1. Which value does Rg/Rh take for chain B over its C-alpha atoms, Rh per Kirkwood?
2. Where nothing but the Cβ of Lys and Arg (+1) and of Asp and Glu (-1) is charged, how large is the charge dipole of chain A around its Cα centre, in debye to the nearest 20?
3. Just want to confirm a number: the relative contact order over chain B, from Cα pairs under 8 angstrom separated by 6+ residues, in percent.
4. Kirkwood hydrodynamic radius (Cα pairs, Å) of segment B:110-216?
5. Rounded to the nearest Å, what's the spacing between the alpha carbon centres of segment A:12-40 and segment B:63-139? Just the number, please.
6. Among the lysines, which fall within straight-line cross-link reach of residue A:118, defined as a Cα-Cα distance under 28 Å, with same-chain neighbours fewer than 8 residues apart omitted?
7. Go ahead and estimate [θ] at 222 nm for chain A from helices alone: -39,500 (n - 2.57) per DSSP H run with n ≥ 4, summed, over the residue count, rounded to 500.
8. Taking the full set of protein chains and a 1.4 angstrom probe, give the accessible area of residue B:108 in square angstrom, rounded to the nearest 10.
Amino acid sequence: MTYQMSFGDLLPYWDVLARGLLYTIILTVVSTVTGLAVGTAGAWARSFGPKWAGYAVGAYVELIRNTPFIVQLFFVFFGLPAIGVKMTESEAAFLAMVINLGAYSTEIIRAGIQAVPKGHLEAAASLAMSRLETFRYVVLKQAFMKVYPALSSQIVIVMLGSAVVSQISAEDLTYAANFVQSRNFRAFEVYLVAALLYLLLAIAMRALLRGIGRALFPKA
Amino acid sequence: MIEFSFAIILENLLLATRWTILLSLIAFVSGGLVGLLVLFGRVSKHEVLRLLTAGYIEFFQGTPLLMQLFLLFFGIALFGVEVSPWVAAWLALTFWTSAFLSEIWRGCVESVPRGQWEASGTLAMTYLEQMRYVILPQAMRIAVAPTVGFSVQVIKGTALASIIGFVELTKAGTMLNNATFRPFLVYSLVALIYFCLCFPLSWCSKRLEARLNVAR
């Protein structure tokens, strides 16, 4: 049997795919920013916070890192409403991604914090900097600089993982591909185009993150 | 009407866990074998081989695993071959795993000092002999910890096979949820079982890494 590929059948649906791509980009950006904030707070708690907070964050990190994202997503979208926390697909997708990236970035940023030499903390203390000032001006910047490459690749991984949110009908790129496929039955062509769009997005994100890194940490 | 007690839910989830474990094991082994082939291409002297394998790795690392599953599930069917979710999931996970493992192992191979290549080269060893007797044994020591760590990703990756209809742990959870309407309980249990599978491996990987650092 020979199958005739027909990418022309996708043209009428280009706007559907474009909207899906935009949704994926926005979801990634918003949850990356929030997730990194969660990760920073978590890393602070594990390194400088009270003992109980450190243990709690440690349990959260291990729980998230050792379960699949799709189960976390289903838990948020189907499980939480059962105990009274209701949300839309987009909110659930956002929340699940923040929880996920929050755990990974906690662990990454913590590694960066541990790499900050002790002398810097002592120097900051002798300058009468408060603990918050020390964290903000001495620790955090160096920590981010050290782990920036690891954080960048984790962000790209989270973006790729976001394809799963289509399963709770959040209207991302994969959801759009599923929709187009159900209309014109050109499954292989649609998924190939969607996969290539993801690939382009991943490459573009990596380049962008490298650029941001160079702007933020000029000498690194 | 059947009543679903806690015990029945747990029992069915545990039965489905067998398939998660089996798929993970098979995908990890076949992914490792393919990954080894890709690795040989990635560190070879031929530029064409290096570029081809780099493209392979870029594609499978730069696209979502879910897309790869869909592409294989629908793509193979175009050739008139019936694909079961089981085969599609196995193939997709194999390619995906091989791309990551070969890249992890490349780092390990490249951490072997250049002099080892040169010395074995002057002994007139062929490329395969150099790899087999000199480079790989040294690289393998470094590779153990990250490889064990990646096995956790494979187990978590198998959860996506549920989307194309392969009944493993996640799919069983969805089906049980549809039958019982107790999503909080069901997905908590599903997450807990995944945790029990993955956490020991994560822990092992961390321990192995720590031991290697001490040895150095």
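The values are calculated or read from the model by the stated rules, or taken from the named source; none is laboratory data. Quick caveat, the model's predicted, so the values are computed rather than measured. Please note: Cβ atoms are built from the backbone with ideal geometry, for glycine as well, and neighbour counts cover all protein chains shown. Only protein heavy atoms, including side chains, enter the accessible area calculation; ligands, DNA and RNA are left aside. Shrake-Rupley method; radii C 1.70, N 1.55, O 1.52, S 1.80 Å.
1. A ratio of 1.07.
2. 860
3. Once normalised by length, the contact order is 28 percent.
4. Hydrodynamic radius (Kirkwood, Cα pairs) of segment B:110-216 is 17.2 Å.
5. Each part's Cα centre sits 31 Å from the other's.
6. Excluding near neighbours in sequence, the set is A:51, A:141, A:146, A:219, B:206.
7. When only DSSP H runs of four or more count, the value is -24000 deg cm²/dmol.
8. About 10 Å², ignoring ligands and nucleic acids.
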